1. So, in the stretch 61-72, how many residues would count as being more than 16 Å from the chain's Cα centre (by Cα) and either outside any loop (DSSP other than H, G, I, E, B) or surrounded by 11 or more Cβ atoms within 10 Å (Cβ to Cβ) (or both)?
2. In the stretch 34-52, which residue that is of a type in the set (Phe, Trp, Tyr) and within 22 Å of residue 73 (Cα to Cα) is nearest to the chain's Cα centre (by Cα)?
3. Any residue that is free of Cβ contacts under 8 Å to residues at least 24 places away in the same chain and either surrounded by 12 or more Cβ atoms within 10 Å (Cβ to Cβ) or at positive phi (or both) - is there at least one of those in the stretch 36-52?
4. Answer with yes or no whether residue 105 is of a type outside the set (Phe, Trp, Tyr) and either touching a Lys or Arg at 6+ places or on another chain (Cβ under 9 Å) or on the phi > 0 side of the Ramachandran plot (or both).
5. Sort out which residues of the stretch 73-102 are crowded, with 19+ Cβ neighbours inside 10 Å and at positive phi, and write them in order of number.
6. From 37, 79, 66, which residue is over 25 Å from residue 92 (Cβ atoms) and modelled with pLDDT of 85 or more?
7. Among the residues of the stretch 103-123, count how many are in contact with a Phe, Trp or Tyr (Cβ under 8 Å, 6 or more places away or on another chain) and not in a helix (DSSP H, G or I).
8. Could you tell me whether any residue of the stretch 74-89 is in contact (Cβ under 8 Å) with a residue 24 or more places away in the chain, hydroxyl-bearing (Ser, Thr, Tyr) and under 30 Å from residue 111 (Cβ atoms)?
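The values are calculated or read from the model by the stated rules, or taken from the named source; none is laboratory data. Just so you know, these numbers come straight off a predicted model, no measurement behind them. For neighbour counting, all protein chains shown are included, and Cβ atoms are generated from backbone atoms with ideal geometry for every residue, glycine included.
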Amino acid sequence: MNNTGQELTDHKMEMLIGNLLRAGVVAAASVVLLGGIIYLFRHGSALADYKVFQRGPSDLRRIGGILSNAFSGHGRGFIQLGLLLLIATPVARVMVSIFVFARKRDTLYVIVTLSVFCILIYSLFGGR
C-alpha cells in the first residue's frame with residue numbers, strides 16, 4: 001500500500017482515541033466542577049442530615065430530567081450531566097473504534113468491538 005496520508009495508521013488511531021478519552025474526561029470534570037460551584041453557592045450553608053439516607057429527586061434519575069435541570073441552571077443537574085458525560089466517554093470510544101476498524105476493513109475487530117458495544121448498551125439500558 002502506498003502511504004498517501006489518508007490511511008488510518010495505528011498511531012493515528014491511538015491518538016484519535018486518546019484525544020477522545022481526554023476530551024471526554026476534561027468535559028465531564030468541567031461540567032461537574034461547574035455544578036459543584038453552583039450547588040455550593042446556592043446550598044453551601046445548609047446543614048446535611050446523614051442520619052437517614054435520602055434518594056435524590058426522581059427527575060435527576062432520567063436523562064430528560066437531568067438535561068432539564070442542567071439547562072435551568074441547577075447545580076445538581078450539572079453534576080449529573082457531568083457524570084453522564086463521564087459514562088458516555090468510553091461508550092463513544094468503542095463507537096469510534098467500530099468505525100476505525102471498519103475503515104481499515106478489519107472484520108474480526110469490527111465484530112469483536114460491535115459485541116463489546118452491544119454488551120455496553122445492554123448493561124446501560126437493558127440490564128435490570
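1. Final tally of qualifying residues: 4.
2. 39
3. Among the residues of the stretch 36-52, not one is free of Cβ contacts under 8 Å to residues at least 24 places away in the same chain and either surrounded by 12 or more Cβ atoms within 10 Å (Cβ to Cβ) or at positive phi (or both), which makes the answer no.
4. Considered against the rule, which asks whether it is of a type outside the set (Phe, Trp, Tyr) and either touching a Lys or Arg at 6+ places or on another chain (Cβ under 9 Å) or on the phi > 0 side of the Ramachandran plot (or both), residue 105 comes out as yes.
5. Hits for the stretch 73-102: nothing passes.
6. Being over 25 Å from residue 92 (Cβ atoms) and modelled with pLDDT of 85 or more holds for just one of 37, 79, 66, which is 37.
7. 0
8. Yes, some residue in the stretch 74-89 is in contact (Cβ under 8 Å) with a residue 24 or more places away in the chain, hydroxyl-bearing (Ser, Thr, Tyr) and under 30 Å from residue 111 (Cβ atoms).
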